[in-house]
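Here, each number is a calculation from the coordinates, and none is a lab measurement. Everything quoted here is computed from the prediction, not taken from an experiment. Cβ placement follows ideal geometry from the backbone for every residue including glycine, while neighbour counts extend to all protein chains displayed.
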Amino acid sequence: MVKYSSTLNRTFAALADPTRRRILAHLARGDRRVTDLARPHAMSLPAVSKHLRVLEKAGLLRRRRYGRVHEMQLDAKPLKQAAQWVEEYRKFWEGSLDRLAAYLEKTKDPSKKR
């Protein structure tokens, strides 16, 4: 099982905001300049920059500078860790549901038919 870590906590905290999730969706299609990422959002460039810093601190993106231009690149490693953590709980719930189905099948009244 994936252990709790500050990286995992930062990843989920970053993913909690819909604006940051949309930014990651844009970056999944390729590297983008900060101004390109800000364009579809009804907020100021400094506000978008704050979201980008949260994503950067969570390790979900990397920043490259070309003079005054800042280009962002998705780094999906923390997302993989988060998916592994969620996967452990999916296995738990599927196992629980399988056991419930087996119990219900075992206790089903054979005289009742559909």
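Mind listing whichever residues of the stretch 42-55 are without any contact (Cβ under 8 Å) to a residue 12 or more places away in the chain and not polar (S, T, N, Q)? Walk me through how you get there before you give the answer.
Residues of the stretch 42-55 without any contact (Cβ under 8 Å) to a residue 12 or more places away in the chain: 42, 44-47, 50, 53.
Correct list: ALA42, LEU45, PRO46, ALA47, LYS50, ARG53.
Cβ separations smaller than 9 Å between residues 6+ apart or across chains give the following pairs from the stretch 74-95 residues that are within 30 Å of ASP31 (Cα to Cα) to residues that are part of a strand (DSSP E or B): LEU74/LEU61; LEU74/ARG62; ASP75/LEU61; ASP75/ARG62. Restricting attention to the stretch 87-110, the residues that are basic (Lys, Arg) and under 25 Å from LEU8 (Cβ atoms) add up to 2. Selection of the stretch 45-77 for residues being within 16 Å of ARG22 (Cβ to Cβ) and among the polar types (S, T, N, Q) yields only SER49.
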